[in-house]
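Scroll down for the structure; my scribbles are underneath it.
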Protein chains: 2
Amino acid sequence: MDTKDTPWEPLGQGKVTDRIAQQILLLIAREQLRPGDRLPAERELATVLEVSRPSLREAVRSLQAQGHLEVRHGSGVFVAEPHTVRELRAAVLQQQLSLDELFAMREVLELPAAVWAAERRDADKLDAVRGAYEALVAAAEEPDIDLQRLRALDTAFHLSIVDAAGNRFLEQTAGVLHDMLAAGMRTTMWVPGRLETSQREHERILVALLAGDAAAARRAARRHIRAAHIAGLSRIEAT
Amino acid sequence: MDTKDTPWEPLGQGKVTDRIAQQILLLIAREQLRPGDRLPAERELATVLEVSRPSLREAVRSLQAQGHLEVRHGSGVFVAEPHTVRELRAAVLQQQLSLDELFAMREVLELPAAVWAAERRDADKLDAVRGAYEALVAAAEEPDIDLQRLRALDTAFHLSIVDAAGNRFLEQTAGVLHDMLAAGMRTTMWVPGRLETSQREHERILVALLAGDAAAARRAARRHIRAAHIAGLSRIEAT
DNA sequence: CCTCCTCCTGTGGTCTGACCTCTGGCCGAA
DNA sequence: TTCGGCCAGAGGTCAGACCACAGGAGGAGG
């Protein structure tokens with residue numbers, strides 16, 4: 001019956017441990033703590049937050065696993081380097097799916113997508129594809145190129161094709177795949193000359209789709225994905 | 001004083017909590033636990049591993065933060081689904097997908113799977129496929145046929161092929177697809193004569209895989225999926 | 001006989017308080 | 001001044017108890 005609204009909804013709910021984790025993140029933000037800075041001792045923190053030490057330790061473990069904290073026996077708990085955060089997240093998030101597996105799946109999903117999109121001839125959806133293509137071209141011709149934005153537009157172009165294929169399961173699957181890809185290739189970087197080549201390949205795909213030529217669309221899509229795969233690999237090796 | 005060689009050096013060092021985390025991952029691998037399966041209770045696990053419950057819980061927290069485990073209050077600790085699967089399922093669950101879309105995706109996913117499985121020639125995985133086939137045949141020959149069980153074995157057969165293809169993204173995606181399919185065709189029912197036909201088609205796929213004939217495997221898989229599609233449709237219309 | 005509600009059991013969630021181990025600085029001896 | 005050991009404070013681990021939730025078994029009522 002005391003379903004009354006608790007006055008402090010922002011953190012008032014959920015398991016104690018999770019609340020502690022949020023509190024610690026808040027603490028770091030509020031105190032402007034930088035990577036390498038030390039947090040209060042476990043016992044002290046537990047006292048301040050009015051929780052037991054085991055609960056606090058679970059929260060710390062959780063944040064450590066997420067890469068936010070670093071624990072040194074005998075010394076204390078420290079704010080971790082954000083650099084480590086990203087590596088950890090990338091490795092964990094995609095559970096080590098290799099680029100080869102991901103690009104193989106691009107072929108599996110996007111070649112049928114191109115074929116279906118060409119066959120269906122859905123005017124509205126194909127217009128959307130054309131719009132995505134034009135946005136991508138426009139962004140690539142600007143003076144100072146925003147690689148981050150370019151990647152997003154590239155993804156949008158390919159997903160617009162998948163959308164035009166008219167299969168919602170395919171659409172969702174391709175969306176997740178591109179998320180993985182984006183996470184795996186976080187450091188946006190293009191092999192020299194890749195940008196122009198890529199645009200030509202995109203154009204070929206678009207033309208084939210608008211012409212309703214399924215076979216040509218399939219070929220163009222395959223050519224593009226394989227080139228992108230190779231470019232992705234060379235980027236890795238260059239690291 | 002027991003600095004002596006512990007029988008399991010690979011994990012003998014480092015903090016207890018971290019060792020526990022590794023042990024749990026090993027346990028999942030060794031016991032072939034799949035997403036959704038339950039782990040032993042915390043108290044039991046702590047006893048077996050000869051550690052205290054707080055330490056065990058810290059390890060679980062850590063694995064939970066990394067997405068390997070899912071903890072449900074009052075129910076137990078479970079192996080979590082990979083992020084890809086979780087996202088896809090959440091996205092797909094919302095929409096009412098048609099049988100046509102689902103079966104179209106079966107072709108998209110399972111034809112490449114058959115090709116790859118035939119090309120890789122992974123003896124262990126192909127043995128698993130053979131095992132799944134034999135289990136399916138055995139179940140179909142029993143006097144009183146359990147349609148529910150038959151469907152599960154049929155799914156297991158097809159997923160074993162996908163597994164033999166060696167692409168984890170494909171594996172996870174196909175898993176979700178078959179779940180959707182099972183949900184969409186809840187009332188298990190077979191068109192008269194479909195059972196025997198289906199078994200023949202399965203056999204063809206299996207033979208092609210064992211022979212390493214990728215083209216034949218692809219043809220056999222396509223034939224089977226299309227036949228299953230038609231059977232599924234006729235069932236709907238008969239309603 | 002069936003249905004609904006209650007209660008019980010098992011499981012995770014949290015707490016208390018104790019002891020061990022490591023790190024790093026203080027401080028006395030050489 | 002330098003080197004060494006000492007020790008306070010930090011995290012690491014443990015034991016046992018009790019709380020809160022989920023789900024099924026079993027009894028009460030229809």
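Among B:ARG19, B:ARG219, what's the order by accessible area (1.4 angstrom probe), most exposed first?
From most accessible down to least: B:ARG219, B:ARG19.
Using the per-residue mean of other Cβ atoms lying within 10 Å as a proxy for protection, in what order, highest first, do the peptides B:37-48, A:164-175 fall?
Highest-to-lowest ranking by the protection proxy: A:164-175, B:37-48.
How far, in degrees from 0 to 90, does helix B:16-30 lean away from the longest principal axis of the Cα atoms of chain B, to the nearest 10?
20
In degrees from 0 to 90, rounded to the nearest 10, what is the angle of the helix B:123-141 Cα long axis to the longest principal axis of chain B?
60
Report ³J(HN,Hα) in whole Hz for each residue of region B:55-70, in order, from the Karplus equation J = 6.51 cos²θ - 1.76 cosθ + 1.60 where θ = phi - 60°; Gly and Pro get x.
Taking θ as phi minus 60°, the curve returns 4, 4, 5, 4, 4, 4, 4, 4, 5, 5, 5, 7, x, 7, 10, 10 Hz for region B:55-70.
Under 5 Å between amide H atoms, partner at least 5 residues away or on a different chain: which partners does A:LEU69 have, H built in plane at 1.01 Å?
Amide H to amide H, under 5 Å and 5 or more residues apart or across chains, A:LEU69 pairs with A:GLN64, A:ALA80.
Any number yet on Rg/Rh for region A:15-67, C-alpha, Kirkwood?
In region A:15-67, Rg relative to Rh is 0.93.
Between B:ALA138 and the same site in the other copies, what are the distances in nm, shortest first, taking label points 7 Å from Cα along the C-beta direction?
Label point to label point, same position, other copies: 6.4 nm.
Could you give the C-alpha radius of gyration of the protein assembly as shown expressed as a fraction of 2.2 N^0.38 Å, taking N as the number of residues it contains?
Here the Cα radius of gyration is 1.14 times the empirical estimate.
Once you average over the residues of A:52-59, how many Cβ atoms of partner chains fall within 10 Å of each Cβ?
Rounded to a whole number, the mean comes out at 3.
Taking each residue of B:164-173 in turn, how many C-beta atoms of other protein chains fall within 10 Å of its C-beta, and what is the average?
5
With every protein chain present, what is the per residue accessible area of region A:16-80 (1.4 Å probe, Å²)?
Value for region A:16-80: 56 Å² per residue.
Could you check how much of the accessible area of the protein assembly as shown is carbon and sulfur, as a whole percent, using a 1.4 Å probe?
With neighbouring chains kept in place, the figure for the protein assembly as shown is 52 percent.
Expressed in whole Å with the largest first, what are the equivalent ellipsoid semi-axes of region B:6-154 derived from the C-alpha gyration tensor as the square root of 5 times each eigenvalue?
They are 36, 21, 18 Å, listed largest first.
Compute the label-point distances linking B:SER75 to its equivalents in the other copies; points lie 7 Å from Cα along Cα→Cβ; give nm, one decimal, shortest first.
Going from nearest to farthest copy, the values are 4.1 nm.
For region B:85-238, just say rounded, prolate or oblate: build the C-alpha gyration tensor, square-root its eigenvalues into a ≥ b ≥ c, call rounded for a/c under 1.5, and beyond that prolate if a/b exceeds b/c, oblate if not.
oblate
Ranked highest first by the average count of other Cβ atoms within 10 Å around their residues, in what order do B:152-158, B:136-142 fall?
B:152-158, B:136-142
Quickly estimate the mean residue ellipticity at 222 nm for the protein assembly as shown, helices only: each DSSP H run with n ≥ 4 gives -39500 (n - 2.57), and the total goes over all residues, rounded to 500.
After summing the helix terms and dividing by residue count, I get -23500 deg cm²/dmol.
Taking a point 7 Å out from Cα toward Cβ as the label site, list the nm distances between B:ALA41 and the same residue in every other copy, smallest first.
Result for B:ALA41, in nm, nearest copy first: 3.7.
For region B:85-238, what is the charge dipole size about the Cα centre, in debye to the nearest 20, if Lys and Arg each add +1 at the Cβ and Asp and Glu each add -1 at the Cβ?
Result for region B:85-238 is approximately 360 debye, rounded to the nearest 20.
Sort A:28-35, A:62-69 for me by packing, meaning the mean count of neighbouring Cβ atoms within 10 Å per residue, highest on top.
A:62-69, A:28-35
For the interface of chains A and B, what total accessible area is buried with a 1.4 Å probe, rounded to the nearest 100 Å²?
Accessible area lost upon association: around 3300 Å².
Residues of A:111-121, mean number of Cβ from any other protein chain within 10 Å of their own Cβ, rounded to a whole number?
Mean number of neighbouring Cβ atoms from other chains: 1.
How high is the relative contact order of chain B, in percent, with contacts defined as C-alpha pairs under 8 Å that are six or more residues apart?
20
The values are calculated or read from the model by the stated rules, or taken from the named source; none is laboratory data. Keep in mind it's a predicted model, so treat the numbers as computed, not measured. Using ideal geometry, Cβ is built from the backbone for each residue, glycine included, and neighbour counts are taken over all protein chains shown. Note: areas computed on protein heavy atoms with side chains; ligands, DNA, RNA excluded. Shrake-Rupley method; radii C 1.70, N 1.55, O 1.52, S 1.80 Å.
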